[in-house]
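Heads up, the thing below is written out as structure tokens.
The values are calculated or read from the model by the stated rules, or taken from the named source; none is laboratory data. Source: prediction; values computed, not measured. So basically every Cβ, Gly included, is an ideal-geometry build from the backbone, and we count neighbours across all protein chains shown.
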Amino acid sequence: MSSYHRGGGNRRRQHRDDYDDRRRDVYESPADKLKNAIIKFGDVDAVEELPLIEKQIREFTPVVISNLSEAFRIAVTEQPFKIPHYAALLRRLHDSTEDAPTDGPSLGKQILEDFWKGFQAYLDKLAWRETRLCIHFFAHLTVAKLISTDSMFALLQSFTAVLEEFGVSNGRAKKAAVCAAEGLMIGGPILKPSSAERVQEVINGIQAYNDSATSPKALTRPIVELYSDEISTPNADELLDTALQALRTLDESDFAETASSFLQPYATYPDLDLSTFTLYDLPSVLVPPEVIELDGLSTDSGEDAQVKKEEWPEYFLSLFENDITPDPKTPAGYTVRTGILDILDIFEVNRKECARLLIEYPKWTIPGTFKPKPGGSVNADPVPGRDWQLESTIIETILGASFVLPESCHKSIYYIGVITELCKLSPSTVGPAVGKSIRKLYSNLGEGLDVEVARRFAEWFAVHMSNFGFQWVWKEWIPDLALDIQHPKRAFMRRALEFEIRLSYHDRILKTLPAEMQAPEGHTIGEQAPGPDFEYDDPAKPYHDAAQSVLNLFRGRAEAKDVISHLETLKVTLETSDDGGIVNADALIRNIAIQSLLHIGSRSFSHLLNAIERYLALLRSIASGGASGAGGTGNAEAKADILTASAAFWKHNRHMVAIVFDKLMQYQIVDPTDVVGWTFINRAEIRELSESTGPLSLSAFEWDLLKGALDKANGRVMIARRKVATLRKEDDDNRARAKASGGADGNAMDVDADVKADDAPVDSPALTTALKAFASLTREQKGALSRTLDGFVSCLAPGATDSNPNPHSRVVISEEGWNDRASWEKDQWNAWETWGWYRQFCRSYAPYLRNYSTTLFTVSFAKFEGSTDPAAELLKKTWNVATGQE
Amino acid sequence: MAHVVAPLDQPSNYKDSQTRVDRRVQNDLLAKSTTLYIGNLSFYTTEEQIYELFTKCASPEDGGGIKRIIMGLDRNTRTPCGFCFVEYYTHAEALASMRYVSGTKLDERIIRCDLDLGYREGRQFGRGKSGGQVRDEHRQDYDPGRGGWGAQAQRMEIERRREVEERYQDAQDGPGAVAGGGGDWKEAEGAGNESRLKRGRSPEDEGDGRLGQRSRLEEDVDAERM
């Protein structure tokens, strides 16, 4: 809850007896009021308000420093755009006034000293964002001559020291480097005159780290060149690269540009009288090491099962020219981008407020940074080289953040939601920026735009259009219908429309398209609504009667065991039928049973769940290959048949395929490994379903199935891990309690019993069960990951004997091959896309893959020992980078 | 976080008047709830559409996902009546929906999410007199996505139509049955027949959450009254 509005928040709520009216204003103490006034300072006009808030703070009694410093702390860490103004306010609070005695530390200094404690607490928790924003504040205060340059240097250098730690993680190093870089950008004008040498040390430290951390960059750049290790890319910038370049530019001009990149409202204030005032020395700090949670859980084959999300270099796509939106490699551009990113991050709890603050962002920048609002009253002269478009800058930054690979900081839907709110706030200015961004992104398709970025682009497009009446001018893309059917632009159109249909319905979306795209030969949208396809519906079809008999049992809600025995009878009949019997009666029976059951459940998601739940026993029996009571993991062939039957039933509706597979895994009819295996192999049997039939390859749809399976496997391990931790704690607590009460009972406790209790702590039955579950789930996880890796290897580096190999998987990774892409056809684009999903698999599941890297490498790559196959080389290289071995 | 703005993932002030647990327990339940009430749906929106949108807040890698969807039905006709419950596996997913999805459009209507105590038998049905939701009893606007006019307005509409239909039950045919009544001066045509008014969506449907919350509170006050 918001202390902005009502002070104490949760503490207050407990005192209220009326739980219903959460909106009622509650009593706010005068101290709370002051705190809120400090937090709200500057909302209207920081310059005007400054003397007023200063007066309010000075006149308030009793003086409670902790209350004031808390207000500053909240203000600085939650409203970073106001930091320069808080620096000015704190500077003024250092002045002595006529009323206040001049002896003793000034109010400002006392607040600063107390503020430091808050900073230390953030640092101890490794709350990086808060830590970094406090450093901004300190850097401004150094320029305002409140903090000694020596101690500021020392602070920055304790962050560059992190970069030299042995085995420092990418994520930790990146965050520490940015802290030091930004502190120096702001503090440079006063730090450099005091020691140019120490400035160099800081910059060189960051540079050295950045130079050493290049290999992961090739794997996360959003514009892909499979044939090269090049990490610089024309349409994207990496965060730390941009910070360094901005910093170097500033340094070259001795930080003259700082004043034109950061507000310095305190710059005109007279220096404090050094006879009565001493600069504050920031105490020295050590960035604490990362806490590694040791739950001691390992898989049954001894691998570490800990999941540590490794952070990758952060590339941001750039969509506009530098005269439209700032270049983040310049000091002013870097400042604007990080300013917007901070707002985006901090206000994730309220996307509407976030949008409002973004639109108001120019207020916190140097006048002339952005073009004035049309009809706005304030008309600052444009600053040469700036005068950027606010809305384009915001949208470019949000999209950049939402397309960070392998995954964005928040869920995609958050970024989508903020853009929606921005469009609602100011449709006439944000709308065009969104349109231009879509066109720019679209133009990158086929020019190397990463497949995962393209997938998120399609997702954003569909959800955005769903919020704005599906109004897109599709006709401008009609000429692209001449491209190959698997060209990324055409794949995008199909996918975006498919996602739109999922959110709406077929006829509605069809209406939004021009005739060329509606036409079946346009291959852009299905002719009909994506309904089910019950294979045995037509009385003329073979086995129609058999299927009807099964269907009737389901309709009559027959018991599972009756259906099972009916299926057995049916099988015998089919096997001994007049026309010589069926070759694979098992598969046929499975198909009939599964399709009939799905038919019963085809009316809605709930109907599906009801059908599955009612016939769980039947499904389990089928999955076990008919061997009743087999239980356990079932029969692989039978489970593949179940998946094939489901996919065939929903072949016109890939959304439903994904939903059915998910629930079949959820109800444990099939395992994630079965879905992975099916996706690589059996999926090709259903031609309607797949965009990549023919040679083995994967499109976005197959990737979604793989991801669904892998996430399910990983999620289960996560739950099992939590459960073990909880039960272990319970066990420990119980033991401790027993021991304590035993000790209290009598001092003359039996020594033997004591030793026994200490030596052999026996797990509770619940914990034993949970540990067993954990062991089998990690086994399943490893299996699913291994199966996926294997699948990719056989797709991308097929052996001569592999069935259905894609002959182009080696061509598309060569430079000549890529440069020849204008003549690529379906198979080449499929191969290229499959490489893209392999990259996404490696980088996105790296935290899981790392735990099993040795085994998985051996299993999948051993066969390439000594091979010079370029495909094998690239497979291994990608793997090694992702698992941190290169 | 969030001293500066109020987070969007707080439950509204709705209280289920038919629940038996006391308010403190209700608050505890809400604090770990995995279920959302979704309101202002079109009667035509399918579970699959709902699934698609709400999947975007799911965290399967964390053991989450959509557990089930319970479509709100008209008690009498067993047809969707414009609300549903979405149940996730984790609380975090429900909160994410509150922050990211509530107040955005699905099927071209602005939907509203609220943390819910959890589904119990019977809650899938509307509590209005007509069988639908109470909010559709009193609605004065024409909302094509929610069965046209509100239920009361619909009843009045039916009543009016019956009056019109009954009025001429005694009409005769043959010469002289229809009065001539004079000629020459011609009246403007078309008056008197009921043209289906096409009205915009009511402002309250598009309104902010707070307005919606209030109307939902009234809904249950009303259900009590029955």
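Test A:Gln56 against the stated conditions and say whether it is polar (S, T, N, Q) and within 14 Å of another protein chain (Cβ to nearest Cβ).
Numbers: polar (S, T, N, Q): yes; within 14 Å of another protein chain (Cβ to nearest Cβ): no.
So A:Gln56 does not fit the description; no.
Scan (1) more than 22 Å from A:Glu421 (Cα to Cα); (2) part of a helix (DSSP H, G or I) for the single condition A:Leu513 breaks and write down its number.
A:Leu513 satisfies every listed condition except (2).
From the list A:Thr726, A:Thr769, A:Thr778, A:Thr834, which residue is under 30 Å from A:Pro870 (Cα atoms), part of a helix (DSSP H, G or I), under 34 Å from the mean Cα position of the chain (by Cα) and modelled with pLDDT of 90 or more?
On the way: A:Thr726 fails: under 30 Å from A:Pro870 (Cα atoms); A:Thr769 fails: under 30 Å from A:Pro870 (Cα atoms); A:Thr778 fails: under 30 Å from A:Pro870 (Cα atoms).
Every option except A:Thr834 fails the conditions.
Only one of these is assigned to a helix (DSSP H, G or I), of a type in the set (Gly, Ala, Ser), within 24 Å of B:Gln49 (Cβ to Cβ) and not assigned by TED's automatic domain parsing to the domain that holds A:Phe792: A:Gly677, A:Gly708. Name it.
Details: A:Gly677 fails: within 24 Å of B:Gln49 (Cβ to Cβ).
Going through A:Gly677, A:Gly708 in turn, the sole match is A:Gly708.
Taking the condition part of a helix (DSSP H, G or I) and either surrounded by fewer than 18 Cβ atoms within 10 Å (Cβ to Cβ) or away from chain B (no Cβ under 14 Å) (or both), does A:Asp507 pass? Steps first, please.
On the way: part of a helix (DSSP H, G or I): yes; either surrounded by fewer than 18 Cβ atoms within 10 Å (Cβ to Cβ) or away from chain B (no Cβ under 14 Å) (or both): yes.
Criteria met by A:Asp507.
Looking only at region B:18-33, which residues are within 25 Å of the chain's Cα centre (by Cα), part of a loop (DSSP other than H, G, I, E, B) and either of a type in the set (Asp, Glu) or surrounded by 14 or more Cβ atoms within 10 Å (Cβ to Cβ) (or both)?
Listed by number, the residues that qualify are B:Thr19, B:Ser33.
So that you can scan it fast, the table gives a plain yes or no per residue for (1) closer than 24 Å to A:His487 by Cα; (2) more than 11 Å from chain B (Cβ to nearest Cβ); (3) assigned to a helix (DSSP H, G or I); (4) among the basic types (Lys, Arg):
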residue	(1), (2), (3), (4)
A:Val430	no, yes, yes, no
A:Arg439	yes, yes, yes, yes
A:Gly446	yes, yes, no, no
A:Arg455	yes, yes, yes, yes
A:Phe461	yes, yes, yes, no
A:Gly469	no, no, no, no
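Given the structure, is B:Ser59 of a type in the set (S, T, N, Q), closer than 29 Å to A:Asp507 by Cβ and modelled with pLDDT of 95 or more? Give the steps one after another, and end with the answer.
Working: of a type in the set (S, T, N, Q): yes; closer than 29 Å to A:Asp507 by Cβ: no; modelled with pLDDT of 95 or more: yes.
Answer is no for this residue.
Out of B:Arg123, B:Arg109, B:Arg99, report the one residue that is at pLDDT 95 or above and either small (Gly, Ala, Ser) or over 14 Å from the mean Cα position of the chain (by Cα) (or both). Show your work before the answer.
On the way: B:Arg123 fails: at pLDDT 95 or above; B:Arg109 fails: either small (Gly, Ala, Ser) or over 14 Å from the mean Cα position of the chain (by Cα) (or both).
Residue meeting the stated conditions: B:Arg99.
For A:Arg356, work out the one condition from (1) in contact (Cβ under 8 Å) with a residue 60 or more places away in the chain; (2) among the charged types (D, E, K, R); (3) in contact with an Asp or Glu (Cβ under 7 Å, 6 or more places away or on another chain) it doesn't fulfil.
That leaves (3) as the condition not met.
Right, A:Ala236: of a type in the set (A, V, I, L, M, F, W, C) and in contact with a strand residue (DSSP E or B) (Cβ under 7 Å, 6 or more places away or on another chain) or not?
So A:Ala236 passes the test.
Select, from A:Thr233, A:Thr242, the only residue that is modelled with pLDDT of 95 or more, closer than 30 Å to A:Asn210 by Cβ and not acidic (Asp, Glu).
On the way: A:Thr233 fails: modelled with pLDDT of 95 or more.
Just one listed residue meets the conditions, A:Thr242.
State all residues of region A:781-817 that are part of a helix (DSSP H, G or I) and over 21 Å from A:Pro672 (Cβ atoms); if no residue qualifies, say none.
To start, the set of residues in region A:781-817 that are part of a helix (DSSP H, G or I) comprises A:781-796, A:815-817.
Answer for region A:781-817, where residues must be part of a helix (DSSP H, G or I) and over 21 Å from A:Pro672 (Cβ atoms): A:Leu796, A:Glu815, A:Glu816, A:Gly817.
Taking the condition of being more than 10 Å from chain A (Cβ to nearest Cβ) and either surrounded by 23 or more Cβ atoms within 10 Å (Cβ to Cβ) or outside any loop (DSSP other than H, G, I, E, B) (or both), how many residues in region B:41-75 meet it? Can you show your working first?
Applying the first criterion (more than 10 Å from chain A (Cβ to nearest Cβ)) to region B:41-75 yields B:41-43, B:72-75.
Narrowing further to those that are either surrounded by 23 or more Cβ atoms within 10 Å (Cβ to Cβ) or outside any loop (DSSP other than H, G, I, E, B) (or both): B:41, B:72-73.
Total satisfying the criteria: 3.
Among the residues of region B:76-112 satisfying the criterion of being more than 12 Å from every other protein chain (Cβ to nearest Cβ) and in a strand (DSSP E or B), which is nearest to A:Ile719 (Cα to Cα)?
B:Tyr88
Kindly indicate the residue of region A:471-504 that is within 14 Å of chain B (Cβ to nearest Cβ) and among the aliphatic types (A, V, I, L, M) and also nearest to A:Arg221 (Cα to Cα) among those meeting that condition.
Step one: of region A:471-504, the residues within 14 Å of chain B (Cβ to nearest Cβ) are A:471, A:495-504.
With among the aliphatic types (A, V, I, L, M) added as a condition, the list becomes A:496-497, A:501, A:503.
Details: A:Ala496: 23, A:Leu497: 27, A:Ile501: 31, A:Leu503: 30 Å.
Among those residues, the one meeting the criterion is A:Ala496.
May I ask you to list the residues in region A:704-735 that are away from chain B (no Cβ under 13 Å), aliphatic (A, V, I, L, M) and under 18 Å from B:Asp62 (Cβ atoms)? Step through it out loud before you land on a result.
Filtering region A:704-735 for residues away from chain B (no Cβ under 13 Å) gives A:724-735.
Of the ones still in play, those that are also aliphatic (A, V, I, L, M) are A:724-725, A:727.
Correct list: A:Val724, A:Ala725.
At pLDDT 95 or above, outside any loop (DSSP other than H, G, I, E, B) and acidic (Asp, Glu): does that describe A:Glu498? Break it down into steps so the answer makes sense when it comes.
Working: at pLDDT 95 or above: yes; outside any loop (DSSP other than H, G, I, E, B): yes; acidic (Asp, Glu): yes.
The answer is yes for A:Glu498.
I need the full set of residues from region A:538-548 which are in contact (Cβ under 8 Å) with a residue 24 or more places away in the chain and part of a loop (DSSP other than H, G, I, E, B), in order please.
Taking region A:538-548 first, the residues in contact (Cβ under 8 Å) with a residue 24 or more places away in the chain are A:543, A:546-547.
Residue satisfying the conditions is A:Tyr543 alone.
For (1) outside the structural domain of A:Ser443 (by TED's automatic domain parsing); (2) touching a residue at least 12 places away in the same chain (Cβ under 8 Å); (3) out of contact with any His (no Cβ under 6 Å at 6 or more places or on another chain); (4) not hydrophobic (A, V, I, L, M, F, W, C), each residue gets a yes or a no:
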residue: A:Arg490; (1), (2), (3), (4): yes, yes, yes, yes
residue: A:Ala496; (1), (2), (3), (4): yes, yes, yes, no
residue: A:Phe499; (1), (2), (3), (4): yes, yes, yes, no
residue: A:Lys511; (1), (2), (3), (4): yes, no, yes, yes
residue: A:Met517; (1), (2), (3), (4): yes, yes, yes, no
residue: A:Thr524; (1), (2), (3), (4): yes, yes, yes, yes
residue: A:Gln528; (1), (2), (3), (4): yes, yes, yes, yes
residue: A:Val550; (1), (2), (3), (4): yes, yes, yes, no
residue: A:Gly556; (1), (2), (3), (4): yes, no, yes, yes
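Among the candidates A:Pro479, A:Pro427, which residue alone is farther than 28 Å from B:Arg109 by Cα and either without any contact (Cβ under 8 Å) to a residue 12 or more places away in the chain or in contact with a Ser or Thr (Cβ under 8 Å, 6 or more places away or on another chain) (or both)?
Numbers: A:Pro427 fails: farther than 28 Å from B:Arg109 by Cα.
Only one candidate passes the filter, namely A:Pro479.
Look through region B:2-19, keep the residues that are touching a helix residue (DSSP H, G or I) at 6+ places or on another chain (Cβ under 6 Å) and modelled with pLDDT under 75, and return whichever of them is farthest from the other protein chains (Cβ to nearest Cβ).
B:Ser17
Residues checked against (1) at pLDDT 95 or above; (2) among the aromatic types (Phe, Trp, Tyr):
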site	(1), (2)
A:Pro265	yes, no
A:Leu297	no, no
A:Glu303	no, no
A:Val307	no, no
A:Glu310	no, no
A:Phe316	yes, yes
A:Asn322	no, no
A:Lys329	yes, no
A:Thr338	yes, no
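Which members of region B:128-144 meet the condition of being within 20 Å of B:Lys15 (Cα to Cα) and crowded, with 22+ Cβ neighbours inside 10 Å?
Scanning region B:128-144 gives B:Gly128, B:Gly132, B:Gln133, B:Val134, B:Arg135, B:Asp136.
Here are some conditions: (1) within 23 Å of A:Glu702 (Cβ to Cβ); (2) surrounded by fewer than 20 Cβ atoms within 10 Å (Cβ to Cβ); (3) modelled with pLDDT under 95; (4) not β-branched (Val, Ile, Thr). A:Arg821 meets all but one. Which one does it not meet?
Failed condition: (3).
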